[in-house]
Amino acid sequence: MNCLPLLELERFAEALVDGLKAELFLTPKPGLVDLSDNGSHADLNLGLMLSSIRLLRTYLDELAVALYRQRPLAELQLIGVAAERRMLKQLGCNGHRGGIFLTGLLLSAYARSGSSEPQALSRAVALQAQSFFQLAELPDSHGQQARERYQSGGIVSEALRGLPGLFEIALPAMTACGVDFETGAYLAMSRLMMGCEDTTCLHRGGQTGLARLRKAGAALEQCLLAGEDPQPLLRRLNRDFRRRNLTMGGVADLLGLAFGYLSFAGMGQVAAEQRSGRSERLAYPSVQSAL
(Lines give C-alpha, C1' and ligand atoms only; values in the text may rest on other atoms or scores of the structure.)
Protein backbone atom coordinates (compact mmCIF):
# COMPACT_ATOMS: atom_id res chain seq x y z
CA MET A 1 0.00 0.00 0.00
CA ASN A 2 1.24 3.48 -0.84
CA CYS A 3 1.92 5.69 2.15
CA LEU A 4 0.11 8.96 1.51
CA PRO A 5 0.43 11.79 4.02
CA LEU A 6 -2.30 11.75 6.64
CA LEU A 7 -3.31 15.28 5.66
CA GLU A 8 -3.97 14.11 2.10
CA LEU A 9 -6.17 11.24 3.28
CA GLU A 10 -8.05 13.62 5.58
CA ARG A 11 -8.54 16.06 2.71
CA PHE A 12 -10.09 13.32 0.58
CA ALA A 13 -12.28 12.26 3.50
CA GLU A 14 -13.50 15.84 3.96
CA ALA A 15 -14.33 16.10 0.26
CA LEU A 16 -16.37 12.90 0.41
CA VAL A 17 -18.35 14.29 3.35
CA ASP A 18 -18.93 17.51 1.39
CA GLY A 19 -20.20 15.37 -1.49
CA LEU A 20 -22.75 13.59 0.69
CA LYS A 21 -24.00 16.97 1.94
CA ALA A 22 -24.31 18.26 -1.62
CA GLU A 23 -26.35 15.21 -2.60
CA LEU A 24 -28.62 15.70 0.42
CA PHE A 25 -29.17 19.40 -0.36
CA LEU A 26 -29.88 18.88 -4.08
CA THR A 27 -33.61 19.61 -4.34
CA PRO A 28 -35.94 18.16 -5.51
CA LYS A 29 -35.06 14.48 -5.89
CA PRO A 30 -37.53 11.65 -6.54
CA GLY A 31 -38.15 9.57 -3.43
CA LEU A 32 -35.15 10.91 -1.50
CA VAL A 33 -34.72 13.17 1.53
CA ASP A 34 -33.95 16.75 0.50
CA LEU A 35 -34.73 20.33 1.53
CA SER A 36 -38.39 19.96 0.53
CA ASP A 37 -39.49 16.71 2.15
CA ASN A 38 -38.50 13.22 3.29
CA GLY A 39 -39.21 11.58 -0.05
CA SER A 40 -40.41 8.01 0.46
CA HIS A 41 -38.71 7.65 3.86
CA ALA A 42 -41.07 7.72 6.85
CA ASP A 43 -38.12 6.98 9.18
CA LEU A 44 -35.75 9.67 7.87
CA ASN A 45 -35.64 13.47 7.68
CA LEU A 46 -33.14 16.21 6.92
CA GLY A 47 -31.95 16.52 10.52
CA LEU A 48 -31.33 12.80 10.86
CA MET A 49 -29.45 12.68 7.57
CA LEU A 50 -27.24 15.59 8.62
CA SER A 51 -26.51 13.84 11.91
CA SER A 52 -25.76 10.67 9.96
CA ILE A 53 -23.25 12.56 7.80
CA ARG A 54 -21.54 13.98 10.90
CA LEU A 55 -21.14 10.47 12.30
CA LEU A 56 -19.84 9.30 8.93
CA ARG A 57 -17.21 12.04 9.09
CA THR A 58 -16.02 10.64 12.43
CA TYR A 59 -15.74 7.21 10.80
CA LEU A 60 -13.73 8.52 7.85
CA ASP A 61 -11.35 10.37 10.19
CA GLU A 62 -10.75 7.11 12.08
CA LEU A 63 -10.30 5.21 8.82
CA ALA A 64 -7.84 7.80 7.46
CA VAL A 65 -5.61 7.37 10.52
CA ALA A 66 -5.75 3.58 10.23
CA LEU A 67 -4.91 3.74 6.51
CA TYR A 68 -2.01 6.09 7.19
CA ARG A 69 -0.71 3.61 9.77
CA GLN A 70 -1.19 0.83 7.19
CA ARG A 71 -3.38 -1.26 9.45
CA PRO A 72 -4.57 -4.65 8.07
CA LEU A 73 -7.83 -4.99 6.17
CA ALA A 74 -9.50 -6.89 9.00
CA GLU A 75 -8.95 -3.91 11.28
CA LEU A 76 -10.29 -1.51 8.65
CA GLN A 77 -13.43 -3.63 8.41
CA LEU A 78 -13.96 -3.45 12.16
CA ILE A 79 -13.84 0.35 11.97
CA GLY A 80 -16.66 0.22 9.41
CA VAL A 81 -18.72 -2.22 11.48
CA ALA A 82 -18.28 0.01 14.54
CA ALA A 83 -19.43 3.01 12.49
CA GLU A 84 -22.62 1.21 11.43
CA ARG A 85 -23.37 0.22 15.02
CA ARG A 86 -22.68 3.74 16.31
CA MET A 87 -25.01 5.22 13.70
CA LEU A 88 -27.79 2.77 14.54
CA LYS A 89 -27.38 3.28 18.29
CA GLN A 90 -27.28 7.08 18.21
CA LEU A 91 -29.87 7.72 15.47
CA GLY A 92 -32.05 4.62 15.51
CA CYS A 93 -31.43 4.16 11.79
CA ASN A 94 -28.62 3.66 9.29
CA GLY A 95 -29.32 6.53 6.90
CA HIS A 96 -25.88 6.23 5.31
CA ARG A 97 -25.08 2.53 5.58
CA GLY A 98 -24.26 2.37 1.88
CA GLY A 99 -22.35 5.60 2.26
CA ILE A 100 -20.16 4.09 4.99
CA PHE A 101 -19.20 1.23 2.70
CA LEU A 102 -18.66 3.26 -0.46
CA THR A 103 -16.79 6.22 1.06
CA GLY A 104 -14.62 3.81 3.04
CA LEU A 105 -13.93 1.77 -0.08
CA LEU A 106 -13.00 4.86 -2.09
CA LEU A 107 -10.78 6.29 0.64
CA SER A 108 -9.05 2.91 1.07
CA ALA A 109 -8.55 2.64 -2.69
CA TYR A 110 -7.00 6.10 -2.74
CA ALA A 111 -4.58 5.07 -0.01
CA ARG A 112 -3.84 1.86 -1.91
CA SER A 113 -3.19 3.49 -5.28
CA GLY A 114 -1.70 6.80 -4.19
CA SER A 115 -3.49 8.37 -7.15
CA SER A 116 -6.77 10.23 -7.65
CA GLU A 117 -6.61 9.70 -11.43
CA PRO A 118 -9.94 8.06 -12.36
CA GLN A 119 -8.62 4.94 -14.09
CA ALA A 120 -6.04 4.21 -11.40
CA LEU A 121 -8.54 4.85 -8.63
CA SER A 122 -11.17 2.64 -10.28
CA ARG A 123 -8.68 -0.22 -10.58
CA ALA A 124 -7.73 0.20 -6.93
CA VAL A 125 -11.42 0.17 -5.92
CA ALA A 126 -11.92 -3.16 -7.73
CA LEU A 127 -8.85 -4.69 -6.04
CA GLN A 128 -9.84 -3.37 -2.62
CA ALA A 129 -13.39 -4.67 -3.05
CA GLN A 130 -12.11 -8.09 -4.08
CA SER A 131 -9.99 -8.29 -0.93
CA PHE A 132 -12.89 -7.03 1.19
CA PHE A 133 -15.45 -9.56 -0.06
CA GLN A 134 -12.98 -12.43 0.29
CA LEU A 135 -12.66 -11.60 3.97
CA ALA A 136 -16.12 -10.34 4.95
CA GLU A 137 -19.51 -12.01 5.12
CA LEU A 138 -22.31 -10.06 3.48
CA PRO A 139 -24.79 -8.81 6.13
CA ASP A 140 -28.46 -9.75 6.03
CA SER A 141 -29.66 -6.38 4.77
CA HIS A 142 -32.51 -5.26 2.53
CA GLY A 143 -29.95 -4.84 -0.24
CA GLN A 144 -28.65 -8.38 0.20
CA GLN A 145 -32.20 -9.75 0.21
CA ALA A 146 -32.91 -7.90 -3.04
CA ARG A 147 -29.68 -9.13 -4.62
CA GLU A 148 -30.59 -12.73 -3.82
CA ARG A 149 -34.26 -12.49 -4.77
CA TYR A 150 -33.75 -10.68 -8.07
CA GLN A 151 -30.29 -12.03 -8.94
CA SER A 152 -28.96 -8.48 -8.96
CA GLY A 153 -25.34 -7.50 -8.53
CA GLY A 154 -26.17 -4.27 -6.75
CA ILE A 155 -23.50 -2.58 -4.69
CA VAL A 156 -21.34 -5.74 -4.64
CA SER A 157 -21.03 -5.90 -8.43
CA GLU A 158 -20.61 -2.12 -8.58
CA ALA A 159 -17.66 -2.27 -6.18
CA LEU A 160 -16.01 -5.29 -7.81
CA ARG A 161 -16.16 -3.54 -11.20
CA GLY A 162 -14.42 -0.45 -9.82
CA LEU A 163 -17.50 1.78 -9.39
CA PRO A 164 -18.46 2.29 -13.05
CA GLY A 165 -21.50 4.24 -11.86
CA LEU A 166 -19.12 6.84 -10.48
CA PHE A 167 -16.33 6.86 -13.04
CA GLU A 168 -18.18 5.97 -16.26
CA ILE A 169 -21.64 7.48 -15.68
CA ALA A 170 -21.80 10.22 -13.05
CA LEU A 171 -18.48 12.00 -13.52
CA PRO A 172 -18.67 12.28 -17.35
CA ALA A 173 -22.23 13.64 -17.07
CA MET A 174 -21.25 16.23 -14.49
CA THR A 175 -18.14 17.48 -16.26
CA ALA A 176 -19.91 17.61 -19.64
CA CYS A 177 -22.03 20.50 -18.39
CA GLY A 178 -19.08 22.78 -17.60
CA VAL A 179 -19.82 25.31 -14.90
CA ASP A 180 -23.56 24.49 -14.81
CA PHE A 181 -23.17 22.15 -11.84
CA GLU A 182 -26.88 21.78 -11.09
CA THR A 183 -27.67 20.64 -14.63
CA GLY A 184 -24.67 18.31 -14.48
CA ALA A 185 -25.87 16.89 -11.17
CA TYR A 186 -29.33 16.17 -12.52
CA LEU A 187 -27.93 14.73 -15.75
CA ALA A 188 -25.71 12.42 -13.68
CA MET A 189 -28.71 11.47 -11.55
CA SER A 190 -30.83 10.72 -14.63
CA ARG A 191 -28.18 8.41 -16.08
CA LEU A 192 -27.60 6.66 -12.77
CA MET A 193 -31.36 6.09 -12.58
CA MET A 194 -31.16 4.42 -15.99
CA GLY A 195 -27.99 2.43 -15.37
CA CYS A 196 -27.65 1.69 -11.64
CA GLU A 197 -28.83 -1.66 -10.22
CA ASP A 198 -30.45 0.08 -7.27
CA THR A 199 -31.34 -2.60 -4.73
CA THR A 200 -33.24 -0.17 -2.50
CA CYS A 201 -35.59 0.38 -5.44
CA LEU A 202 -35.73 -3.37 -6.09
CA HIS A 203 -36.46 -4.08 -2.43
CA ARG A 204 -39.42 -1.71 -2.39
CA GLY A 205 -40.81 -2.13 -5.90
CA GLY A 206 -39.33 -5.25 -7.45
CA GLN A 207 -38.59 -5.36 -11.16
CA THR A 208 -41.61 -3.13 -11.83
CA GLY A 209 -40.19 -0.49 -9.51
CA LEU A 210 -36.78 -0.69 -11.18
CA ALA A 211 -38.45 -0.28 -14.58
CA ARG A 212 -40.21 2.84 -13.26
CA LEU A 213 -36.85 4.16 -12.08
CA ARG A 214 -35.36 3.59 -15.54
CA LYS A 215 -38.32 5.30 -17.23
CA ALA A 216 -38.14 8.28 -14.86
CA GLY A 217 -34.41 8.63 -15.52
CA ALA A 218 -34.96 8.62 -19.28
CA ALA A 219 -37.65 11.30 -18.97
CA LEU A 220 -35.35 13.47 -16.85
CA GLU A 221 -32.46 13.07 -19.30
CA GLN A 222 -34.72 14.03 -22.23
CA CYS A 223 -35.92 17.11 -20.35
CA LEU A 224 -32.37 18.24 -19.57
CA LEU A 225 -31.01 17.64 -23.07
CA ALA A 226 -33.93 19.65 -24.48
CA GLY A 227 -32.85 22.58 -22.32
CA GLU A 228 -36.08 22.57 -20.30
CA ASP A 229 -36.44 23.44 -16.62
CA PRO A 230 -36.34 20.05 -14.82
CA GLN A 231 -37.96 21.29 -11.60
CA PRO A 232 -41.64 20.63 -12.53
CA LEU A 233 -40.79 17.14 -13.77
CA LEU A 234 -38.72 16.37 -10.66
CA ARG A 235 -41.57 17.43 -8.38
CA ARG A 236 -44.00 15.22 -10.32
CA LEU A 237 -41.60 12.28 -10.13
CA ASN A 238 -41.17 12.81 -6.40
CA ARG A 239 -44.94 12.73 -5.88
CA ASP A 240 -45.16 9.55 -7.95
CA PHE A 241 -42.29 7.88 -6.09
CA ARG A 242 -43.78 8.80 -2.73
CA ARG A 243 -47.16 7.42 -3.76
CA ARG A 244 -45.54 4.15 -4.82
CA ASN A 245 -43.06 4.06 -1.88
CA LEU A 246 -40.10 3.99 -4.27
CA THR A 247 -36.67 5.37 -3.52
CA MET A 248 -33.16 5.10 -4.99
CA GLY A 249 -30.51 4.92 -2.27
CA GLY A 250 -27.88 3.47 -4.58
CA VAL A 251 -28.28 6.38 -7.00
CA ALA A 252 -27.99 8.84 -4.09
CA ASP A 253 -24.80 7.20 -2.78
CA LEU A 254 -23.07 7.27 -6.17
CA LEU A 255 -24.16 10.85 -6.77
CA GLY A 256 -22.69 11.85 -3.42
CA LEU A 257 -19.41 10.14 -4.31
CA ALA A 258 -19.31 12.05 -7.59
CA PHE A 259 -19.81 15.39 -5.85
CA GLY A 260 -17.07 14.49 -3.38
CA TYR A 261 -14.61 13.36 -6.04
CA LEU A 262 -15.11 16.53 -8.06
CA SER A 263 -14.64 18.66 -4.97
CA PHE A 264 -11.39 16.87 -4.16
CA ALA A 265 -10.11 16.93 -7.73
CA GLY A 266 -10.76 20.65 -8.05
CA MET A 267 -13.14 20.21 -11.00
CA GLY A 268 -16.21 21.37 -9.14
CA GLN A 269 -17.34 23.96 -6.62
CA VAL A 270 -19.38 21.75 -4.33
CA ALA A 271 -17.64 22.67 -1.09
CA ALA A 272 -17.27 26.31 -2.07
CA GLU A 273 -20.99 26.62 -2.82
CA GLN A 274 -21.88 25.03 0.48
CA ARG A 275 -19.64 27.28 2.53
CA SER A 276 -20.44 30.54 0.76
CA GLY A 277 -24.19 29.99 0.48
CA ARG A 278 -24.19 31.20 -3.16
CA SER A 279 -26.24 28.21 -4.32
CA GLU A 280 -29.88 28.67 -3.35
CA ARG A 281 -30.76 25.01 -3.78
CA LEU A 282 -27.58 23.52 -2.28
CA ALA A 283 -27.30 25.76 0.77
CA TYR A 284 -30.43 26.86 2.60
CA PRO A 285 -29.65 29.19 5.54
CA SER A 286 -31.45 26.82 7.92
CA VAL A 287 -29.29 23.95 6.70
CA GLN A 288 -26.10 25.96 6.88
CA SER A 289 -26.75 26.71 10.53
CA ALA A 290 -27.09 22.98 11.19
CA LEU A 291 -23.67 22.11 9.77
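The values are calculated or read from the model by the stated rules, or taken from the named source; none is laboratory data. Since the structure is predicted, the reported quantities are computational estimates derived from the model, not experimental observations. Here Cβ is always computed from backbone atoms with ideal geometry, including for glycine, and neighbour counts include all displayed protein chains.
List of remarks:
- Residue check, LEU76 touching a Gly at 6+ places or on another chain (Cβ under 9 Å) and assigned to a loop (DSSP other than H, G, I, E, B): no
- Residue within the range 240-247 that is surrounded by 19 or more Cβ atoms within 10 Å (Cβ to Cβ) and either part of a helix (DSSP H, G or I) or of a type in the set (Gly, Ala, Ser) (or both) present: yes
- Residues of the range 155-184 satisfying the condition of being touching a Ser or Thr at 6+ places or on another chain (Cβ under 9 Å), under 24 Å from GLU197 (Cβ atoms) and of a type in the set (D, E, K, R): ARG161, GLU168
- Filter pass, GLU10 being at negative phi, at pLDDT 95 or above, among the acidic types (Asp, Glu) and in a helix (DSSP H, G or I): yes
- Complete set of residues in the range 1-33 that are among the acidic types (Asp, Glu) and farther than 17 Å from GLY184 by Cβ: GLU8, GLU10, GLU14
- Contact map, the range 68-86: first residue within 16 Å of THR103 (Cβ to Cβ), second residue hydroxyl-bearing (Ser, Thr, Tyr), Cβ cut-off under 6 Å, separation 6 or more or different chains; pairs are ALA83/TYR59.
- The numbered conditions (1) modelled with pLDDT under 95; (2) surrounded by fewer than 23 Cβ atoms within 10 Å (Cβ to Cβ); (3) part of a helix (DSSP H, G or I) are all true for LEU202 except (2).
- Taking the range 98-120 as the range and being charged (D, E, K, R) and part of a helix (DSSP H, G or I) as the test, only ARG112 passes.
- Answer residue from the range 28-55, given it is polar (S, T, N, Q) and in a loop (DSSP other than H, G, I, E, B) and is surrounded by the most Cβ atoms within 10 Å (Cβ to Cβ) among those: SER40
- Test result for ARG123, at pLDDT below 90, assigned to a helix (DSSP H, G or I) and touching a helix residue (DSSP H, G or I) at 6+ places or on another chain (Cβ under 9 Å): no
- Matching entry among MET194, MET189, MET174 (being under 18 Å from the mean Cα position of the chain (by Cα), at pLDDT below 95 and either assigned to a helix (DSSP H, G or I) or on the phi > 0 side of the Ramachandran plot (or both)): MET174
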